[in-house]
């Protein structure tokens with residue numbers, strides 16, 4: 001069976017762990033528990049006719065990209081950049097992390113997830129910022145670990161991209 | 001290697017065993033397991049067989065092998081529930097060594113500290129947002145106050161202009177009143193006011209003198225315009241009719257005095273402006 005390592009990247013408290021728990025266990029807790037180090041989980045998905053084991057590396061969020069430990073990215077086939085749509089600065093941190101990730105493991109598939117989409121009234125990320133990134137061919141999804149919106153789609157979309165890249 | 005006496009080296013080894021629960025895997029160049037040992041079971045690593053592909057068996061090792069000459073260090077990796085390890089990968093002639101050192105206590109301490117730090121940071125962010133919202137609300141309020149103040153200033157200017165115009169009109173009215181009073185009080189122009197029924201309600205002394213009535217007659221309503229001037233046809237007041245406030249052309253009329261004698265007076269009359277049932281007349285003796 002194909003195994004693909006996916007890293008969850010983003011600054012602290014953007015919902016990386018919640019997204020993984022929603023995807024793997026279909027549960028959500030509103031209480032914030034910071035992650036230290038890295039927790040690895042897995043889930044098997046089907047892409048086309050192939051079963052793919054996704055190894056999900058839930059990496060601790062740091063306040064700055066400089067604190068990020070690059071060794072966690074080793075062997076990653078793709079990553080999900082996560083930003084909190086209600087905290088604009090988390091998008092900038094995600095962009096910085098993307099640069100760092102690309103420097104470390106090269107060009108691999110990734111998606112940008114604007115999480116906490118259920119908090120629409122507190123949304124801070126403007127559509128023009130999103131459009132600017134989409135013009136760079138970034139795939140951006142609005143997700144909510146709380147409601148499940150876009151979560152399954154995000155992981156599956158990344159899995160498809162990774163399998164496609166392997167087939168190239 | 002530091003030159004330490006054997007007892008110290010032994011003590012350090014014991015301390016390391018107690019505190020860090022070291023364990024290792026040795027992996028061949030093809031990724032197959034060559035050797036293992038130490039407290040591996042405490043990290044959830046079990047069921048090992050020589051030649052097995054560890055990277056496939058243990059998800060936290062996936063993708064890491066093979067490692068570069070400089071080695072790889074991955075701190076605080078959760079190997080099973082609530083157990084964390086610092087994992088070192090380094091190459092030696094025998095193959096790639098993977099060393100596990102327990103980091104659980106360190107993670108717990110750091111987790112508590114980091115949780116507090118991030119909670120404070122998030123709270124500070126929320127406060128900053130609230131502060132920004134308050135600042136925006138205050139700015140909007142200031143803008144509204146500025147707009148309303150400007151509107152109020154314009155209103156004040158307009159009122160001042162209206163007041164100035166009112167004062168000017170009032171002064172003109174006072175001048176007009178003074179002129180009329182002078183006319184009313186002079187002894188050679190008779191002035192009389194009568195209502196819709198023709199009863200003279202007011203007259204100056206000159207008018208009363210012309211027709212021989214007294215002020216007492218006037219007060220008792222005994223003087224009627226159609227009695228003292230019967231030759232003139234006085235129209236009935238019609239409220240619906242458009243008021244013609246133009247003064248009638250002065251002409252000579254015979255007036256009947258109280259004693260029945262007649263006197264010729266040059267007379268002109270006009271309704272008050274806006275009041276068809278009230279008239280004023282001016283008379284001069286020829």
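Miscellaneous remarks
- Residues located in the stretch B:80-90, provided they are surrounded by fewer than 21 Cβ atoms within 10 Å (Cβ to Cβ), on the phi < 0 side of the Ramachandran plot and free of Cβ contacts under 8 Å to residues at least 40 places away in the same chain: B:80, B:81, B:86, B:88, B:90
- Tally of residues being touching a residue at least 12 places away in the same chain (Cβ under 8 Å) and surrounded by 15 or more Cβ atoms within 10 Å (Cβ to Cβ) across the stretch B:53-65: 7
- Filter result for residue A:124 (in a loop (DSSP other than H, G, I, E, B) and more than 17 Å from the chain's Cα centre (by Cα)): yes
- Restricting attention to the stretch A:48-74 and to residues that are surrounded by fewer than 19 Cβ atoms within 10 Å (Cβ to Cβ) and in contact with a helix residue (DSSP H, G or I) (Cβ under 8 Å, 6 or more places away or on another chain), the residue that is nearest to residue A:18 (Cα to Cα) turns out to be A:63.
- Residue in the stretch A:53-74 that is farthest from residue A:152 (Cα to Cα), counting only those that are assigned to a helix (DSSP H, G or I) and within 14 Å of another protein chain (Cβ to nearest Cβ): A:67
Table: residues versus (1) within 58 Å of the chain's Cα centre (by Cα); (2) within 30 Å of residue A:124 (Cα to Cα); (3) within 14 Å of chain A (Cβ to nearest Cβ).
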| position | (1), (2), (3) |
| --- | --- |
| B:116 | yes, yes, yes |
| B:132 | yes, yes, yes |
| B:151 | yes, no, no |
| B:187 | no, no, no |
| B:207 | no, no, no |
| B:212 | no, no, no |
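- Flag if residue B:153 is part of a helix (DSSP H, G or I), closer than 19 Å to residue B:268 by Cβ and not assigned by TED's automatic domain parsing to the domain that holds residue B:264: no
- Taking (1) surrounded by fewer than 16 Cβ atoms within 10 Å (Cβ to Cβ); (2) modelled with pLDDT under 95; (3) more than 9 Å from chain B (Cβ to nearest Cβ) in turn, residue A:122 satisfies each apart from (3).
- Test: residue in the stretch B:254-273 that is in a loop (DSSP other than H, G, I, E, B) and modelled with pLDDT under 70: yes
- Residue check for residue A:31: more than 12 Å from the chain's Cα centre (by Cα), within 13 Å of chain B (Cβ to nearest Cβ) and within 23 Å of residue A:138 (Cβ to Cβ): no
- Taking the conditions (1) within 17 Å of residue A:71 (Cα to Cα); (2) more than 9 Å from every other protein chain (Cβ to nearest Cβ); (3) touching a strand residue (DSSP E or B) at 6+ places or on another chain (Cβ under 6 Å); (4) without any contact (Cβ under 8 Å) to a residue 24 or more places away in the chain in turn, residue B:99 satisfies each one other than (4).
- Only listed residue being modelled with pLDDT of 95 or more, surrounded by fewer than 18 Cβ atoms within 10 Å (Cβ to Cβ) and over 60 Å from the mean Cα position of the chain (by Cα), chosen from B:39, B:35: B:35
- Cβ-Cβ under 7 Å pairs, at least 6 apart or on other chains, the stretch B:113-131 side part of a helix (DSSP H, G or I), far side at pLDDT 90 or above: B:114/A:34; B:114/A:36; B:115/A:34; B:118/A:12; B:118/A:13; B:118/A:34; B:122/A:13; B:125/A:87
- Among the residues of the stretch B:40-65, those that are farther than 23 Å from residue B:19 by Cβ and more than 10 Å from chain A (Cβ to nearest Cβ) comprise B:47, B:48, B:49, B:50, B:51, B:52, B:53, B:54, B:57.
- The stretch A:75-103, subset under 30 Å from residue A:1 (Cβ atoms) and within 10 Å of chain B (Cβ to nearest Cβ), residue surrounded by the fewest Cβ atoms within 10 Å (Cβ to Cβ): A:75
- Of all residues in the stretch A:7-28 being within 14 Å of chain B (Cβ to nearest Cβ) and in a helix (DSSP H, G or I), the one that is surrounded by the most Cβ atoms within 10 Å (Cβ to Cβ): A:16
- Output for the stretch B:66-79, where each listed residue is over 16 Å from residue B:25 (Cα atoms) and surrounded by fewer than 15 Cβ atoms within 10 Å (Cβ to Cβ): B:68, B:69, B:70
- Which numbered condition residue B:214 misses (of (1) surrounded by 11 or more Cβ atoms within 10 Å (Cβ to Cβ); (2) in contact with a strand residue (DSSP E or B) (Cβ under 9 Å, 6 or more places away or on another chain)): (2)
The values are calculated or read from the model by the stated rules, or taken from the named source; none is laboratory data. It should be emphasised that the depicted structure is a prediction, and the values quoted were computed from it without experimental measurement. Note that we place each Cβ from the backbone using ideal geometry, even for glycine, and neighbour counts take in every protein chain shown.
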